[in-house]
1. 5 Å is the cut-off here: which amide hydrogens, built 1.01 Å from N in the peptide plane, fall below it relative to ILE64, excluding neighbours closer than 5 in sequence?
2. Assuming R0 = 35 Å, can you tell me the calculated FRET efficiency for the pair SER8 and ALA53, based on Cβ-Cβ distance, to the nearest 0.05?
3. Let me check I've understood the local charge: for ASP25, count other residues with C-beta under 15 angstrom from its C-beta, Lys and Arg +1, Asp and Glu -1. What total comes out?
4. Just the number: Rg to Rh for region 2-41, Cα atoms, Kirkwood Rh, two decimals.
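A short reminder: the numbers here are calculations on the coordinates, not readings from a lab. These numbers come from a predicted model, not from an experiment. Here the Cβ is made from the backbone with ideal geometry for all residues, glycine too, and neighbour counts use every protein chain on show.
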Amino acid sequence: MPFIKYLSLRDHCFPFRAESWLKEDGTIPTRAWFLHCLHQHFSDNVGGHSLHAGSATALAEASIPAYMIQAIGHWSSDTFQIYICRHPVLLASLLLSS
C-alpha cells in the first residue's frame with residue numbers, strides 16, 4: 001500500500017517528526033504544494049474540499065464519533081457533516097457513536 005510505504009519511509013528519514021506529511025527535505029508542505037502534487041496524479045477537479053469530504057466520510061465509516069471528526073478536521077462548527085456521504089451504513093455509524 002503506497003501510504004504505508006510512505007509512512008515507513010517518513011519514519012525512517014525523520015524519526016523525531018510527528019507531522020503526517022513531510023517533503024523530502026523534512027519541511028512541512030504547503031497547501032499549494034500538496035494540491036500541485038495531487039493534480040499530477042488526479043484531475044484538476046480533485047481539491048481541498050474533496051479531501052475534506054473523503055476524510056470526514058472515512059472517519060465516519062470507521063465509527064469515529066462526530067465530535068472527534070470535528071476536532072480532527074479543525075472545524076469550528078458542525079458543518080463538516082455536510083461532507084459526509086449520507087448512506088445507511090454511515091448514518092448508523094454516526095448514530096451509534098454519538
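1. none
2. Efficiency at R0 = 35 Å is approximately 0.80.
3. Residues near ASP25 contribute +1 overall.
4. 0.98
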